[in-house]
Amino acid sequence: MNNTESRGAAVRIKNFILALILPAALLFLWERGVKNGSINGNVIPAPSKLLDTFIKLVKNGKLAEGLTISFQRVIEGFLIAAVIGIVLGFLMGLFASFNRLLSSVVNILRPIPVVALIPIIIIILGVGEPANVSIIVIGALWPILLNTTAGVMSTDKKLLELAYVYRLSKPKQYFQIVLPSALYSILTGLRLGVSGAWMSVVAAEMIGATSGIGYLIMFSKSLAQAANMYVLVLVVGIIGYLIDKILLILQNKISGRFVSGRR
Amino acid sequence: MSDNAILSVRQLKKDFKIGQNTVEVLDGISFDVRRGEFISIVGESGCGKSTLLKMITALENVTAGEILIDGEAVTGPTEKCTMIFQEPRLFPWLNVEKNITFTLSPKISKQEKKELAKKYIELVGLGGFEKALPSQLSGGMQQRVSIARALATSPELLLLDEPFGALDAFTRINLQDETLKIHQKQKATMLLVTHDIDEAIYLSDRIIVLSAKPGHIKADIKVSLPRPRKRSDLEFLQIRRQVMLELFENSSGQDIEYYI
Ligand SMILES: Nc1ncnc2c1ncn2[C@@H]1O[C@H](COP(=O)(O)OP(=O)(O)OP(=O)(O)O)[C@@H](O)[C@H]1O
Ligand SMILES: [Mg+2]
């Protein structure tokens, strides 16, 4: 037992090192390139410069300030999208006529990139928080809506037949049979929705905001502060990655007891 | 209709529309089931046995004719009648105990539900598995949970759609005996659909033979052998032969002995 466990740990360490080799080599070459002048440090600053800049942005509080505002917007927009997406998704999954009613509209709106909607939203709502949050809502909505619908529709018909024969009430069928059946799918939708919200907040702030991490990126660009820009973009990427990882763990924790019963 | 019939089926007809075609699945089905009787329905695959049970539970609507449970026309599922399906149909996220309490009437108190679950878990021989999830049980144990779940609702009429069909011979014979015990203890009326002629003879007071296209009642055979029955008794084999004759009469000119 112990033996295979420690072997598993060894394999994990080995894989971890393997995954790091290429990035480390690239960083090394990049640093060397800037130092010997074959890469223009004003356009692509050296990794050591980026690290310094990152520390500076952390110390002067700019990064924390921008992130706090962006997070607030993401949470607000995501929660609104979650409520709309889950409620509509549930109704679309349960009732074929409701599904037909909405699906044409959904299918036309869904492929439009959020960025393309930003100008329209700003014209309608003006620059400000309502516009920012609306953009995030749209960015998070589709995966939540679609995954909820699919999850509800995947409920085992045989269990619903059983519920009918045993005369279970409709609310009991919806909340205690359909909801648990759809839970894993809904959580997948929420996870993708948070990612969508995170991407949308950056886009929204780059175009129509005067605060937040997206705004900071545009601001650095206008001041030609290349190092700031790179650091901020990298931070956006790393945070997006971490959000997804954390939510995936959360999703599997929450649905653990349900998953164990899935075929 | 005899006065103590718990179930009366009158001139029942069922058509299905498949594309443009109307398929007659059942026609002219009439029979009564007396309170406390154990009835088996046998018939070739596709002759409409499951459809018949589904109509009794109102899962399918009736094309013509009527079904009465305790003298009342069936318009929806009733608490007097429950069905055990061919598959266990357990809720994978609920443990054994909760699977059983889940389908109990909301009028019953929590404490009472727990006690009922305990009683029926013991009855089907699953004591100690209260907290197990369905995925942690064998197929036979899962089917026993579904039997316990049905019995816990104390139905007066229990419909069983090939509940032992997917089980190995050993578990099947065990569950047949348990079902018989439960039938005697609970005084419930049971209507069993099966492919297994021995099972039908072993368990039933009467065997209804259905023939196909459209399904109609070919024979209604009384089994008055004393219990417990022995599958090798001469009378048992004679009834078996009689059922076989009814089942295979029209299928070909071959001698029936060939099948037995
Ligand atoms: N929902 C449906 N729509 C159309 N036809 C159906 C439907 N359900 C059943 N049928 C048809 O009704 C006939 C009887 O089906 P049923 O399931 O009652 O057969 P069965 O006697 O239970 O067969 P088996 O022994 O194989 O379970 C079949 O020919 C089937 O094709
Ligand atoms: Mg069937």
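Looking at region B:150-175, which of its residues are crowded, with 22+ Cβ neighbours inside 10 Å, touching a residue at least 40 places away in the same chain (Cβ under 8 Å) and within 16 Å of ligand 1 (Cβ to nearest atom)?
B:LEU159, B:LEU160, B:PRO163
Looking at A:LEU22, A:LEU51, A:LEU26 in this structure, which one is free of Cβ contacts under 8 Å to residues at least 60 places away in the same chain and exposed (fewer than 10 other Cβ atoms within 10 Å of the Cβ)?
Details: A:LEU51 fails: exposed (fewer than 10 other Cβ atoms within 10 Å of the Cβ); A:LEU26 fails: exposed (fewer than 10 other Cβ atoms within 10 Å of the Cβ).
Unique residue meeting the criteria: A:LEU22.
Considering B:PHE31, B:PHE38, B:PHE85, which residue is aromatic (Phe, Trp, Tyr) and within 13 Å of ligand 2 (Cβ to nearest atom)?
On the way: B:PHE31 fails: within 13 Å of ligand 2 (Cβ to nearest atom); B:PHE38 fails: within 13 Å of ligand 2 (Cβ to nearest atom).
Only one candidate qualifies: B:PHE85.
When you scan region B:6-15, do you find a residue that is away from ligand 1 (no atom under 16 Å from the Cβ) and modelled with pLDDT under 90, even just one? Steps first, please.
Narrowing region B:6-15 to residues away from ligand 1 (no atom under 16 Å from the Cβ): B:6-8, B:10-11.
If we keep only those that are modelled with pLDDT under 90 too, we end up with B:6.
The answer is yes; a qualifying residue exists.
Quick one: in region B:176-206, of everything that is hydroxyl-bearing (Ser, Thr, Tyr) and within 16 Å of B:ARG229 (Cβ to Cβ), which residue is surrounded by the fewest Cβ atoms within 10 Å (Cβ to Cβ)?
Filtering region B:176-206 for residues hydroxyl-bearing (Ser, Thr, Tyr) gives B:179, B:189, B:194, B:202, B:204.
Remaining after also requiring within 16 Å of B:ARG229 (Cβ to Cβ): B:179, B:194, B:202, B:204.
Numbers: B:THR179: 23, B:THR194: 23, B:TYR202: 21, B:SER204: 24.
Looking at the filtered set, the residue picked out is B:TYR202.
For (1) within 9 Å of ligand 1 (Cβ to nearest atom); (2) of a type in the set (S, T, N, Q); (3) out of contact with any Ser or Thr (no Cβ under 9 Å at 6 or more places or on another chain), each residue gets a yes or a no:
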position: B:LEU26; (1), (2), (3): yes, no, no
position: B:SER30; (1), (2), (3): no, yes, no
position: B:ILE41; (1), (2), (3): yes, no, no
position: B:LEU53; (1), (2), (3): yes, no, yes
position: B:ASN61; (1), (2), (3): no, yes, yes
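Please find, among B:ILE239, B:ILE217, B:ILE201, B:ILE207, the residue that is in contact (Cβ under 8 Å) with a residue 24 or more places away in the chain, touching a helix residue (DSSP H, G or I) at 6+ places or on another chain (Cβ under 6 Å) and within 16 Å of ligand 1 (Cβ to nearest atom). Step through it out loud before you land on a result.
Details: B:ILE239 fails: within 16 Å of ligand 1 (Cβ to nearest atom); B:ILE217 fails: touching a helix residue (DSSP H, G or I) at 6+ places or on another chain (Cβ under 6 Å); B:ILE201 fails: within 16 Å of ligand 1 (Cβ to nearest atom).
Result: B:ILE207 is the single residue among B:ILE239, B:ILE217, B:ILE201, B:ILE207 that is in contact (Cβ under 8 Å) with a residue 24 or more places away in the chain, touching a helix residue (DSSP H, G or I) at 6+ places or on another chain (Cβ under 6 Å) and within 16 Å of ligand 1 (Cβ to nearest atom).
Go through region A:162-195 and give me each residue that's in contact (Cβ under 8 Å) with a residue 60 or more places away in the chain and more than 30 Å from B:ASN95 (Cα to Cα).
Scanning region A:162-195 gives A:GLY193, A:VAL194.
Across region A:54-100, which residue is nearest to A:GLY139 (Cα to Cα) among those that are surrounded by fewer than 21 Cβ atoms within 10 Å (Cβ to Cβ) and hydroxyl-bearing (Ser, Thr, Tyr)?
A:THR68
Restricting attention to region B:168-193, report how many residues are out of contact with any Asp or Glu (no Cβ under 6 Å at 6 or more places or on another chain) and within 16 Å of ligand 2 (Cβ to nearest atom).
Count: 2.
Matching residues to (1) under 25 Å from the mean Cα position of the chain (by Cα); (2) in a helix (DSSP H, G or I); (3) small (Gly, Ala, Ser):
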site: A:VAL43; (1), (2), (3): no, no, no
site: A:LEU79; (1), (2), (3): yes, yes, no
site: A:GLY89; (1), (2), (3): yes, yes, yes
site: A:LEU101; (1), (2), (3): no, yes, no
site: A:ILE108; (1), (2), (3): yes, yes, no
site: A:PRO119; (1), (2), (3): yes, yes, no
site: A:VAL127; (1), (2), (3): yes, no, no
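Does B:PHE91 qualify as being surrounded by 18 or more Cβ atoms within 10 Å (Cβ to Cβ) and out of contact with any strand residue (DSSP E or B) (no Cβ under 8 Å at 6 or more places or on another chain)?
yes
Search region B:20-32 for residues that are more than 19 Å from B:LEU191 (Cβ to Cβ) and without any contact (Cβ under 8 Å) to a residue 60 or more places away in the chain and pair each with any residue that is of a type in the set (Val, Ile, Thr) and surrounded by fewer than 12 Cβ atoms within 10 Å (Cβ to Cβ) when their beta-carbon atoms are under 8 Å apart and the residues are at least 6 apart or on different chains.
No pair meets every condition.
I'd like to know if region B:63-77 contains one or more residues that are surrounded by fewer than 16 Cβ atoms within 10 Å (Cβ to Cβ), within 11 Å of ligand 1 (Cβ to nearest atom) and of a type outside the set (Gly, Ala, Ser).
No, because not a single residue in region B:63-77 is surrounded by fewer than 16 Cβ atoms within 10 Å (Cβ to Cβ), within 11 Å of ligand 1 (Cβ to nearest atom) and of a type outside the set (Gly, Ala, Ser).
Scan region B:178-190 and give yes if some residue there is out of contact with any strand residue (DSSP E or B) (no Cβ under 6 Å at 6 or more places or on another chain), modelled with pLDDT under 90 and more than 30 Å from B:LEU116 (Cβ to Cβ), otherwise no.
So far as region B:178-190 goes, no, none of its residues is out of contact with any strand residue (DSSP E or B) (no Cβ under 6 Å at 6 or more places or on another chain), modelled with pLDDT under 90 and more than 30 Å from B:LEU116 (Cβ to Cβ).
Can you give me the ranges of the strands (runs of 3 or more DSSP E) entirely in region B:32-103 with at least 3 residues that are aliphatic (A, V, I, L, M) and either within 11 Å of chain A (Cβ to nearest Cβ) or within 26 Å of B:ILE197 (Cβ to Cβ) (or both)? Before you say what the answer is, go through the steps one by one.
Numbers: elements: B:38-43, B:64-69, B:81-84.
Because the criterion is at least 3 residues that are aliphatic (A, V, I, L, M) and either within 11 Å of chain A (Cβ to nearest Cβ) or within 26 Å of B:ILE197 (Cβ to Cβ) (or both), the strands (runs of 3 or more DSSP E) in region B:32-103 that meet it are B:38-43.
Out of region B:138-165, which residues are more than 14 Å from every other protein chain (Cβ to nearest Cβ) and within 16 Å of ligand 2 (Cβ to nearest atom)?
Correct list: B:GLU162, B:PHE164, B:GLY165.
So B:GLU112 ticks every box in (1) within 16 Å of ligand 2 (Cβ to nearest atom); (2) surrounded by fewer than 17 Cβ atoms within 10 Å (Cβ to Cβ); (3) more than 13 Å from chain A (Cβ to nearest Cβ) but one. Which box is left unticked?
(1)
Restricting attention to region A:162-219, and to residues there that are within 30 Å of B:LYS107 (Cα to Cα) and β-branched (Val, Ile, Thr), which single residue is nearest to the other protein chains (Cβ to nearest Cβ)? Let's see the steps before the verdict.
First, pick out the residues of region A:162-219 that are within 30 Å of B:LYS107 (Cα to Cα): A:162-183.
Checking which are β-branched (Val, Ile, Thr) leaves us with A:165, A:177-178.
Numbers: A:VAL165: 5, A:ILE177: 7, A:VAL178: 12 Å.
Out of the qualifying residues, it is A:VAL165.
The values are calculated or read from the model by the stated rules, or taken from the named source; none is laboratory data. The structure presented is a predicted model; accordingly, all values stated were derived computationally and were not measured. As a convention, Cβ positions derive from the backbone with ideal geometry for all residues, glycine included, and neighbour counts pool all protein chains shown.
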